1. Of these, Pro56, Pro85, which one is away from ligand 2 (no atom under 16 Å from the Cβ) and either without any contact (Cβ under 8 Å) to a residue 24 or more places away in the chain or among the hydrophobic types (A, V, I, L, M, F, W, C) (or both)?
2. I'd like to check something: does segment 244-259 contain any residue that is farther than 17 Å from Asn106 by Cβ, within 15 Å of the chain's Cα centre (by Cα) and within 16 Å of ligand 1 (Cβ to nearest atom)?
3. Could you tell me which of the residues Gln210, Gln292 is away from ligand 1 (no atom under 16 Å from the Cβ), in a helix (DSSP H, G or I) and surrounded by fewer than 17 Cβ atoms within 10 Å (Cβ to Cβ)?
4. Search segment 230-253 for residues that are closer than 16 Å to Gly140 by Cβ and not assigned by the TED database to the domain that holds Ala195 and pair each with any residue that is aliphatic (A, V, I, L, M) and more than 16 Å from ligand 1 (Cβ to nearest atom) when their beta-carbon atoms are under 9 Å apart and the residues are at least 6 apart or on different chains.
5. Would you mind stating whether Leu113 is in contact with a helix residue (DSSP H, G or I) (Cβ under 9 Å, 6 or more places away or on another chain) and closer than 30 Å to Glu180 by Cβ?
6. Looking at the structure I just gave you, is Val24 within 23 Å of Glu360 (Cα to Cα) and open to solvent by less than 40 Å² (accessible area, probe 1.4 Å)?
7. Tally up the residues in segment 334-362 that are part of a helix (DSSP H, G or I) and either touching a strand residue (DSSP E or B) at 6+ places or on another chain (Cβ under 6 Å) or of a type in the set (A, V, I, L, M, F, W, C) (or both), please.
8. When you go through (1) part of a loop (DSSP other than H, G, I, E, B); (2) in contact with a Phe, Trp or Tyr (Cβ under 9 Å, 6 or more places away or on another chain); (3) within 15 Å of ligand 1 (Cβ to nearest atom) one by one for Ser270, which number turns out not to apply?
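The values are calculated or read from the model by the stated rules, or taken from the named source; none is laboratory data. All values reported here derive from a predicted model rather than from experimental measurement. Here the Cβ positions follow ideal geometry from the backbone for every residue, glycine too, while neighbour counts run over all protein chains shown. In case anyone asks, the SASA skips ligands and DNA or RNA and just uses the protein heavy atoms, side chains included. Shrake-Rupley method; radii C 1.70, N 1.55, O 1.52, S 1.80 Å.
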Amino acid sequence: MAQKYRITLLPGDGIGPEIIAVAVDVLKVVGQKFDIQFEFQEALIGGSAIDATGEPLPKDSLEICRNSDAVLLAAIGGYKWDSLPSHLRPEAGLLGLRSQLGLFANLRPATILPQLIDASSLKREVVEGVDILVVRELTGGIYFGQPKGIFTTETGEKRGVNTMAYTESEIDRIGRVAFEASRKRNRKLCSVDKANVLEVSQLWRSHITQLAQEYPDVELTHMYVDNAAMQLLRAPKQFDTIVTGNLFGDILSDAAAMLTGSIGMLPSASLGSSNPGVFEPVHGSAPDIAGQDKANPLAQVLSAAMMLRYGLNQSAAADYVEKGVLQVLQRGARTGDIISPGMNLLGCRAMGAALIQVLEEE
Ligand code: IPM
Ligand code: MG
């Protein structure tokens, strides 16, 4: 009997609907090949949810997500909603989803594909062989710390406040995810902080150091975030697994993504301890190219592969999708963000069709 899964689709804004459509087509092929039955249900989040309901994360959407086996999200945000107060911005929907589902661990792999080395802005010898996993804490730190807000001081001046805070238990659980993840890789973990300045980082560093005693087979190093940003560009191959807090992880994962040529290639998995995981590309909603059939759908497709692997435990199906992506690139298919001379420039839909063709031939 076919295995059945309920998948919530959150297309969101901008290029979201275009790229998620490609991922759904891919999953349909996966379903046929692996005898899996996907039941898709779409829900609103972000700017499109604001337009339809006045809220960036309607209760309905959250319930639908909770009641599914996994959530496939595209991207949220756009110029149109940029001037709304922060709790009504599209981003608040995404942050609410992560925190309501308790998705504290965000896995962001940055692997350079041999086919795309020439699309990187760095030299071939610097990026060839790069394979980094950024483990970003996702429900704490300065994104969620209290107090936060824009307040008026006694002198009538406005003052914006955010608070960067981590408890030991929050550091502990993300630290464990990172140590475990590094065990499945090269057993090298670099913890990134700003312990030369921030108390919150001092606690982070001492707790991660303590935790390392339970993982004697993993080589732990520490690095300040400013140096880590520099080292990622200077000599990225020194990194294997990186663990860091929410804000540093946000920034460093964009930098790591760019090593691979395009942020349009990078997937992510957001996992908690009980609720379904959310799988989404690292890139945003790209409102500048929305609706023009120019977006690269591959990060979304690779996010669906991460969903198969981490969310549904279907690793053979995940391998099949990932291999298909390599193969379609091998055949010269490229969207605008990863184009190089001699390659074949395709739009979003055509890239999807080329990938489906490859998958069906496999
Ligand atoms: C990301 C994004 C989000 C974040 C935004 C859209 C809220 O940049 O997933 O990296 O800052 O976490
Ligand atoms: Mg980001």
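1. On the way: Pro56 fails: either without any contact (Cβ under 8 Å) to a residue 24 or more places away in the chain or among the hydrophobic types (A, V, I, L, M, F, W, C) (or both).
Only one candidate passes the filter, namely Pro85.
2. Narrowing segment 244-259 to residues farther than 17 Å from Asn106 by Cβ: 258-259.
Remaining after also requiring within 15 Å of the chain's Cα centre (by Cα): 258.
Those left that are additionally within 16 Å of ligand 1 (Cβ to nearest atom): 258.
Yes, some residue in segment 244-259 is farther than 17 Å from Asn106 by Cβ, within 15 Å of the chain's Cα centre (by Cα) and within 16 Å of ligand 1 (Cβ to nearest atom).
3. Gln210 is the lone residue from the list that is away from ligand 1 (no atom under 16 Å from the Cβ), in a helix (DSSP H, G or I) and surrounded by fewer than 17 Cβ atoms within 10 Å (Cβ to Cβ).
4. none
5. Working: in contact with a helix residue (DSSP H, G or I) (Cβ under 9 Å, 6 or more places away or on another chain): yes; closer than 30 Å to Glu180 by Cβ: yes.
Considered against the rule, which asks whether it is in contact with a helix residue (DSSP H, G or I) (Cβ under 9 Å, 6 or more places away or on another chain) and closer than 30 Å to Glu180 by Cβ, Leu113 comes out as yes.
6. Values: within 23 Å of Glu360 (Cα to Cα): yes; open to solvent by less than 40 Å² (accessible area, probe 1.4 Å): yes.
When the stated conditions are applied, Val24 passes them.
7. Step one: filter segment 334-362 for residues part of a helix (DSSP H, G or I), giving 336-338, 348-361.
Subset that is either touching a strand residue (DSSP E or B) at 6+ places or on another chain (Cβ under 6 Å) or of a type in the set (A, V, I, L, M, F, W, C) (or both): 338, 348, 350-351, 353-356, 358-359.
So the count comes out to 10.
8. So the condition that Ser270 fails would be (1).
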